[in-house]
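**Student:** I have a structure here, written as structure tokens, and I will follow up with some questions on it.
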């Protein structure tokens, strides 16, 4: 057998193998195309989806230096667990000062009560003096009337009548003075009563200051607002923090997990709330999670962006928009425990269930 015949046989074998491989590839592509086509009639699918959880910041409500930190990164915490403690020395001093001011205001109420009693007693004394002055005035009036009659029958002298008249005028003046002193005493009692109302208002203000300082002292202990898992730790003991500063992030376990799937506007025409879906994640390939549609967004995702598009500007290019769907995971808590916020997911909705439900 010559070399040419060997090359001819080799070429034939290679050609056959190539043809077989090409046939297999063609069959595989045909099967893939058929399956894809069938799936396009049976399912609506999107890979623009992510697992979501509520991730909330832990912030400080007061200014101060961090004294103690009681959590580590990625630590599970329970509601009410202490996360960190801020140095509260200054706030305790402010609270003590406010409490001392409140005690001083309350002590003034005792002084005011004593003044009220004194003023009331003085008014009673003045009232008694009125009765005495009135009796004296009446007696002097009678004396004057008697001497006037004696003077008219020339049994008393002019000087005696004038002396009696002077005594009557003095008695009348004393009576008027007693009346005025009594009115002044009553006014003083009223003034003291008015001061009591002002002092009561001051006490309430001082109590509010004390309560406000108690809150500030309480704010120096930061606790977990609910059961969750702490995120990355970026603070250290001794660090100065400001009011409103974000100190950490906590993932809310009580609120559960859900999926936000962004379907094309051409896919959501017949989707409805309560519709069952299947979810696959890149982290757990081949494992399917069950869920149901909770709600459809009232607008496209671009409308909620910082700069929503305005097609009236003239530079218009039609782009298929996406509608976010909120999907509740209906698996047990144990099944979805390994899912994390931000994980990519594929969401599949069966078309025939929509047609049957419709």
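**Student:** With the chain treated as a Gaussian network of Cα nodes joined by springs under 10 Å, which of 145, 216, 48 yields the largest mean-square fluctuation?
**Tutor:** Comparing 145, 216, 48 in the GNM, the peak value goes to 145.
**Student:** With r as the distance between the Cβ atoms of residue 127 and residue 107 and R0 = 35 Å, compute the FRET efficiency 1/(1 + (r/R0)^6) and round to 0.05.
**Tutor:** The computed FRET efficiency comes out at 0.70.
**Student:** Over segment 225-286, calculate the relative contact order: mean separation of alpha carbon pairs under 8 Å at least 6 apart, over the residue count, as a percent.
**Tutor:** 33 percent
**Student:** As a check on your grasp of the helix formula, calculate [θ] at 222 nm for the chain: sum -39500 (n - 2.57) over DSSP H runs of n ≥ 4, divide by the residue count, round to the nearest 500.
**Tutor:** So the calculated ellipticity at 222 nm is -18000 deg cm²/dmol.
**Student:** Picking from 306, 83, 247, which is most flexible by a Gaussian network model of the chain using Cα springs under 10 Å?
**Tutor:** 306
**Student:** Would you mind ranking 272, 70 by Cβ crowding within 10 Å, fewest neighbours first?
**Tutor:** Least crowded to most crowded, the residues run 272, 70.
**Student:** Still on this structure, please answer the following. If I take every Cα pair under 8 Å that is 6 or more residues apart in the chain, average their sequence separation and divide by the length, what percent do I get for the relative contact order?
**Tutor:** Reported relative contact order: 31 percent.
**Student:** Could you check which residue among 312, 104, 295 shows the biggest mean-square fluctuation in a GNM of the chain with a 10 Å Cα cutoff?
**Tutor:** Highest fluctuation of the listed residues: 312.
**Student:** How far, in degrees from 0 to 90, does helix 158-219 lean away from the longest principal axis of the Cα atoms of the chain, to the nearest 10?
**Tutor:** Here the helix axis deviates by roughly 20 degrees.
**Student:** May I ask for the angle, rounded to the nearest 10°, between helix 3-42 and the longest principal axis of the chain, with both axes built from Cα atoms and the value confined to 0 to 90°?
**Tutor:** 40 degrees
**Student:** How far is helix 89-152 tilted off the main Cα axis of the chain, in degrees rounded to 10, range 0 to 90?
**Tutor:** 20 degrees
**Student:** Going by average Cβ neighbours within 10 Å, how do the peptides 92-99, 26-33, 255-262, 313-320 rank, with the highest at the top?
**Tutor:** In decreasing order of mean packing, 92-99, 26-33, 255-262, 313-320 become 255-262, 92-99, 26-33, 313-320.
All of the numbers you see were taken from the coordinates with simple rules; none came from a lab. What you are looking at is a predicted structure, and each value in this text was computed from that prediction instead of being measured. Heads up, the Cβs are rebuilt from the backbone with ideal geometry, glycines too, and the neighbour counts pull from every protein chain shown.
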